Amino acid sequence: MRILFVTSEAFPLIKTGGLADVSGSLPAALQDINADVRILIPGYPAVLNKLANPRFLTTISNLPNVGAVNLIIGEMPETKVPVMAIESVGLYQRDGGPYVDATGKDWEDNPTRFGILSLVAAILSDEKSPLADWVPDITHCNDWQTGLTPAFMHFMSARRTQMKQAKSVLSIHNLAFQGCYGAEWVGRLGLPADSYQINGVEYYGQLSFLKAGIFYADGLSTVSPNYAKEIQTEAYGFGMQGLLTARGKEIHGILNGLDTQEWNPATDPYLAKHYDVNNLDGKQAVKQALQNKLGLKVQAETPLLGVVSRLTYQKGLDMLLSCAEALIKEHNCQLALLGSGDTNFEQGYRELAKRFPNQVSVTIGYNEELSHQIMAGCDIFIMPSRFEPCGLNQMYGLRYGTPPIVTNTGGLADSVQDCNEINLKNKTATGFVMPKADPKALVSAIARALSFYQDESKWKSIKENGMRQNLDWTKSAKAYLTMYQALLKK
Ligand code: ADP
Ligand code: GLC
């Protein structure tokens, strides 16, 4: 089976969040079960620099607003999954992030940048593609940035009677980002005028890339079973619950896996010492090295809480900020935070660190190395998200023997088993699940976790339960393959 995996970020080429982790790992896991996968991604400078064996593949011409772009083919540096990067000086070769400029403002031409990504994917999905020897069976799109692909594919096939074209799949990684732009973009991107309607790409008076994808994709999935149900409700549907409920039975909830090579405490090159489930001794040395590096008081017994996150409302870190001072005073614990996002959150955490220099370390920015060290060196990982489609950090916490505190939502609920009596007895308890996202629930979950932390043997078994979980991609990759096969039979 040929699969075109279309994404706006993929680790290790370019990453802003979990989508990159998934786009780095899932295609490789599909390749391991004999699928013929290629990734399609914008040729940002980092992508063109890091691609292994880059070479010119073809030119795609007559694209709206940009004329022609080149396709460069190469491979992922480690997994060797083939990658096609869209080379366009005007669209992608600039300093700054994939979505925002250096000041954090969305690039004004994002509708063109991701409209072209979507259109190129659709062109490559068709028998009339310039790559006639590699036409996919499945075109797997991810999030709003690729949401117009199924729409373009739909209109290309509607213009012909005889055609061979891939089936489209859209995976929703986060419904909060919907890619909404003015109606004028319908014409500018070359979509037919009559697609701008409720049964089409229109969404509350705008063109929505995500809605277009949800409406036109042949298959839909999201990144955890629980989130697949949640998005059909008003509380989590971000306005799309009606459409999602209409297609409810078709939405596959497939839990993300982890790159267990990249995230492995027994081999992680960023760690001062290695450890595994059979010998956890090294974790203490990693904690000490982390305390040292961050200027925290080096104390083995002081509980160290960790956060690695985008600092946004979704992640609930305003709740932690509001109770942090009281927690630190009451429990004499430490906090190591790495993240970036809303300026007022960043500012709030910076001030907290100033007030408690020996107990709180705050690093604003993006830092791959430190993220691994926090995952491994902390005792407890905090992730009180208000909603969480899947979440990878809580799973990294499990793998690194750093039990997570999470909200009972989305993929967090699917991946963390609370330390209640039954789970403790069955040796399935792996973390602490807050019934809902509110500061009181967070305070009491942290207090509960810290009381377990004091009991050495109980704590050890909670860590071990998490570390023994099988979190790799094999099972999920098979679930995607089954979903593709079912679509092809339709
Ligand atoms: P989301 O994609 O919603 O941000 P996930 O938990 O799915 O949340 O994935 C976040 C990914 O981004 C993880 O791999 C995490 O380690 C990484 N990450 C988030 N913030 C940072 C940061 N400041 N520095 C390094 N890695 C980060
Ligand atoms: C999104 C979600 C996150 C998920 C990730 C990868 O960024 O916010 O929960 O883990 O996508 O699917």
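With N set to the number of residues, divide the alpha-carbon radius of gyration of the range 281-467 by 2.2 N^0.38 Å and report two decimals.
0.93
Contour minus end-to-end for I198 and S444, with contour as 0.36 nm per residue of separation and end-to-end as the Cα-Cα distance?
84.0 nm is the gain from fully extending I198 to S444.
For the range 281-467, with the dipole built from +1 on Lys and Arg beta-carbon atoms and -1 on Asp and Glu ones, taken about the Cα centre, which of Q314, A449, S385 lies farthest toward the positive end?
Positive-most Cα among the choices belongs to A449.
Find the lysine pairs in the range 417-466 meeting two conditions, Cα atoms under 18 Å apart and a separation of 8 or more places or different chains, and report how many there are.
Lysine pair count for the range 417-466: 6.
Please report the net charge: other residues with Cβ closer than 11 Å to the Cβ of F452, K and R +1, D and E -1.
Combined, the nearby Lys, Arg, Asp and Glu give +1.
For the pair A183 and Y313, what calculated FRET efficiency results from E = 1/(1 + (r/R0)^6), where r is the Cβ-Cβ distance and R0 = 22 Å, to the nearest 0.05?
In this case the efficiency is close to 0.20.
For a quick protection proxy, order the peptides 415-426, 312-323, 95-106 by their average other-Cβ count within 10 Å, most packed first.
Final packing ranking: 312-323, 415-426, 95-106.
Just want the ordering: I374, I86, from fewest to most Cβ atoms lying within 10 Å of their own Cβ.
Exposure proxy ranking, most exposed first: I86, I374.
State the Cα centre-to-centre distance between the range 1-25 and the range 449-470 in whole Å.
Distance between centres, Cα-based: 33 Å.
May I ask for the angle, rounded to the nearest 10°, between helix 474-489 and the longest principal axis of the chain, with both axes built from Cα atoms and the value confined to 0 to 90°?
The two axes meet at around 20 degrees.
In the structure shown, do any of K15/K490; K293/K315; K287/K315 have a Cα-Cα gap over 28 Å, and if so which?
K15/K490, as the Cα separations exceed 28 Å there.
What distance in nm lies between label points placed 7 Å from Cα along the C-beta direction at E127 and N49?
Going from the E127 label point to the N49 one covers 4.4 nm.
What's the extension gain from Q485 to K425 if we count 0.36 nm per residue and subtract their Cα-Cα distance?
17.6 nm is the gain from fully extending Q485 to K425.
For a paramagnetic label modelled at 7 Å from the Cα of V277 toward its Cβ, which residues of the range 416-432 fall within the zone defined by backbone nitrogen distances under 16 Å?
Under 16 Å, as judged by backbone N against the label point of V277, lie 416-417, 424, 426-431 of the range 416-432.
Of all trypsin sites (Lys or Arg not before Pro) in the range 1-101, which ones are in loop regions per DSSP and have a Cβ with at most 16 other Cβ atoms within 10 Å?
K80, R94
Give the distance, in whole Å, between the Cα centre of the range 239-270 and the Cα centre of the range 395-434.
Using only Cα atoms to place each centre, the spacing works out to 17 Å.
Quick one: putting +1 on the C-beta of Lys and Arg, -1 on the C-beta of Asp and Glu, what dipole do you get for the range 87-237 around its Cα centre, in Debye to the nearest 20?
It comes to approximately 320 debye.
Rounded to the nearest 10 degrees, what's the angle between the helix 439-453 long axis and the longest principal axis of the chain, both from Cα atoms, 0 to 90?
Once rounded, one gets 60 degrees.
Within a Cβ distance under 15 Å of R94, other residues only, what is the Lys/Arg minus Asp/Glu net charge?
Once all neighbours under 15 Å are counted, the net charge is -4.
For the chain, what is the charge dipole size about the Cα centre, in debye to the nearest 20, if Lys and Arg each add +1 at the Cβ and Asp and Glu each add -1 at the Cβ?
Rounded to the nearest 20 debye, it is 520 debye.
At what distance in nm do the modelled label points of F238 and S61 sit from each other, each positioned 7 Å from its Cα along Cα→Cβ?
3.9
Once the Cβ-Cβ distance between S451 and Y366 is put in as r, and R0 is 30 Å, what FRET efficiency do you end up with, to the nearest 0.05?
0.30
Under the rule of at least 5 residues apart or a separate chain, name every residue whose amide H is placed under 5 Å from the amide H of S221.
Distant-sequence amide H within range of S221: L170, S171, I172, H252.
Give the residue from G90, I172, P77 lying farthest towards the positive end of the charge dipole for the range 76-201; charges sit on Cβ (+1 for Lys and Arg, -1 for Asp and Glu) and the dipole is referred to the Cα centre.
Positive-most Cα among the choices belongs to I172.
Where does helix 110-124 land angle-wise versus the long Cα axis of the chain, in degrees 0 to 90, nearest 10?
60
Are there any GluC sites (Glu not before Pro) in the range 192-297 that are in a DSSP loop and have at most 16 other Cβ atoms within 10 Å? List them by number.
E234
Taken together, the values in this text are just the output of simple stated rules run on the coordinates, not laboratory data. Computed from a predicted model, the values in this text were never measured in an experiment. No Cβ is skipped: glycine too gets one built from the backbone with ideal geometry, and neighbour counts run over all protein chains shown.
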